Amino acid sequence: MVVIGTGLIGTSIALALRGRGSEVYLSDRDAAALAVAAEIGAGEPLPAEGLGGPVDLAVIAVPPAAVAVTLLDAQKRHLAEVYTDVASVKALPLAQAAELGCDLASYVPGHPLAGRERSGPSAARDDLFLGRPWALCPDERTSPAAVEAVEGLARLCGAMPVTVGAEHHDRSVALVSHAPHVVSAAVAARLTGADDTALGLAGQGVRDVTRIAASDPRLWIGILAANAEPVADVLEGVATDLAVAASLLRDGSEGAATHVADLLLRGNAGRARIPGKHGGEQGGYATVTVVIPDRPGELAMIFQAATIAGVNVEDVSIEHSPGRPVGVLELSVRPEEAARLADELRARGWSVPG
């Protein structure tokens, strides 16, 4: 296989494929990024003279606006039998590829829904796609053999291939990924003028809301520009809700508070619709809270205690106490197992409130 573009996603795909025995060649206009990807074991640099024949599959891991021209160049060089991309927008690259005269029978637009706040090959991980959906957006011109090959790629990387139309995909990711990123950035931007007192009071809530705002703005400018209309539609709806809420809060009447409560309740309902573990409905887990010292091995011992108690930890989060060498660990477990885990942890000396 050939991976064109050795950023986070391209290099992670290459690492995953190498770990499963595939022969991988790497290509990137950024010589430094290519060198890092090769050094960490993602593959060998693609020789300038080519490989003497097409490989099975080429993965185009470049920004959305560059997908079509990169695809055309690769096809002119007969680089591969099948081509796919990993851009987070699908309708634009597909339309541009058609305009340029690319062979669409061998091209499967794709999008692995995985990532990190960090970027570049040094942030790549071979397990980045485990259990994650990988959208495939073929149109009527795509050959079944090409789709089958890219489905195999997704499964090799540990992902779950999901077939969806390109326009439907773009509207969906605008709602669940692109617009939330802008909202996160808007909240984080308010912190730039905050004083030390306010920042010192920051808890897990603001950290959760602003986590994705740490991503590379250069990458996101290209994504948002390529999916502008669907993202704008979602942002306008959010802005309307926020403007109404602000107006009602300024009103200060009891009736106004009721209307704000309606937004909060709709938020509860929307949050509950996000698929939970293993893609099913969100489970009604109980939370066991543990106060833990910030020292090596503490988490390992807590998980060992859970194993001894016969309790499976469904989810975990840590909130650090600013200025203190302790943190608060929240373990999500099945309700019928919560008391058993809490008793085991207390017996081993940890502070378990409640």
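The values are calculated or read from the model by the stated rules, or taken from the named source; none is laboratory data. Being a predicted model, the structure only gives us computed values, none of them experimental. Counting neighbours? That spans all protein chains shown, and the Cβs are built from the backbone with ideal geometry, glycine included.
The table for this structure:
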{"read-out": "Matching residues, segment 302-351, being among the small types (Gly, Ala, Ser) and on the phi < 0 side of the Ramachandran plot", "value": "Ala305, Ala306, Ala309, Ser317, Ser321, Gly327, Ser332, Ala338, Ala339, Ala342, Ala347, Ser351"}
{"read-out": "Among (1) closer than 24 Å to Ala186 by Cα; (2) in a helix (DSSP H, G or I), the one test that Ile274 misses", "value": "(2)"}
{"read-out": "Subset of segment 42-88 (residues that are free of Cβ contacts under 8 Å to residues at least 12 places away in the same chain and closer than 21 Å to Val173 by Cβ)", "value": "Ala66"}
{"read-out": "Residues (modelled with pLDDT under 95 and either touching a Ser or Thr at 6+ places or on another chain (Cβ under 8 Å) or on the phi > 0 side of the Ramachandran plot (or both)) located in segment 130-155", "value": "Gly131"}
{"read-out": "Qualifying residue in segment 168-190 (condition: among the polar types (S, T, N, Q), farther than 23 Å from Tyr107 by Cα and either in a loop (DSSP other than H, G, I, E, B) or not assigned by TED's automatic domain parsing to the domain that holds Ile60 (or both))", "value": "yes"}
{"read-out": "Flag if Val206 is of a type in the set (A, V, I, L, M, F, W, C), over 29 Å from Ala159 (Cα atoms) and outside the structural domain of Leu175 (by TED's automatic domain parsing)", "value": "no"}
{"read-out": "Only one of Ser12, Ser27, Ser22, Ser106 that is among the polar types (S, T, N, Q) and buried (at least 24 other Cβ atoms within 10 Å of the Cβ)", "value": "Ser12"}
{"read-out": "Within segment 298-344, tally of residues that are within 23 Å of Gly203 (Cβ to Cβ), of a type outside the set (D, E, K, R) and either out of contact with any strand residue (DSSP E or B) (no Cβ under 9 Å at 6 or more places or on another chain) or in the same structural domain as Val209 (by TED's automatic domain parsing) (or both)", "value": "2"}
{"read-out": "Residues of segment 199-247 that turn out to be closer than 24 Å to Leu263 by Cα and part of a helix (DSSP H, G or I), as a count", "value": "28"}
{"read-out": "Members of segment 44-68 that are out of contact with any strand residue (DSSP E or B) (no Cβ under 8 Å at 6 or more places or on another chain) and either surrounded by 16 or more Cβ atoms within 10 Å (Cβ to Cβ) or of a type in the set (D, E, K, R) (or both)", "value": "Glu49, Pro63, Pro64, Ala65, Ala66, Ala68"}
{"read-out": "Residue within segment 61-71 that is of a type outside the set (Phe, Trp, Tyr), closer than 11 Å to Val3 by Cβ and touching a Ser or Thr at 6+ places or on another chain (Cβ under 9 Å) present", "value": "yes"}
{"read-out": "Every residue from segment 201-237 that is within 16 Å of Leu191 (Cβ to Cβ), within 15 Å of the chain's Cα centre (by Cα) and free of Cβ contacts under 8 Å to residues at least 60 places away in the same chain", "value": "Asp208, Val209, Thr210, Ala213"}
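Here is a yes/no grid of residues against (1) surrounded by fewer than 23 Cβ atoms within 10 Å (Cβ to Cβ); (2) closer than 14 Å to Ala61 by Cβ; (3) over 21 Å from the mean Cα position of the chain (by Cα):
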residue	(1), (2), (3)
Gln75	yes, no, yes
Ala95	yes, no, yes
Ser119	yes, yes, no
Ala124	no, yes, no
Glu140	yes, no, yes
Glu148	yes, no, yes
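Yes/no matrix, rows are residues, columns are (1) farther than 22 Å from Ala123 by Cβ; (2) of a type outside the set (A, V, I, L, M):
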{"site": "Ser27", "(1), (2)": "no, yes"}
{"site": "Ala38", "(1), (2)": "no, no"}
{"site": "Pro45", "(1), (2)": "no, yes"}
{"site": "Gly50", "(1), (2)": "yes, yes"}
{"site": "Val69", "(1), (2)": "yes, no"}
{"site": "Val86", "(1), (2)": "no, no"}
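Listed here are the residues, each with its yes/no results for (1) farther than 23 Å from Arg155 by Cβ; (2) part of a loop (DSSP other than H, G, I, E, B); (3) not assigned by TED's automatic domain parsing to the domain that holds Ala14.
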| site | (1), (2), (3) |
| --- | --- |
| Ala97 | yes, no, no |
| His111 | no, no, no |
| Ser122 | yes, no, no |
| Arg125 | no, yes, no |
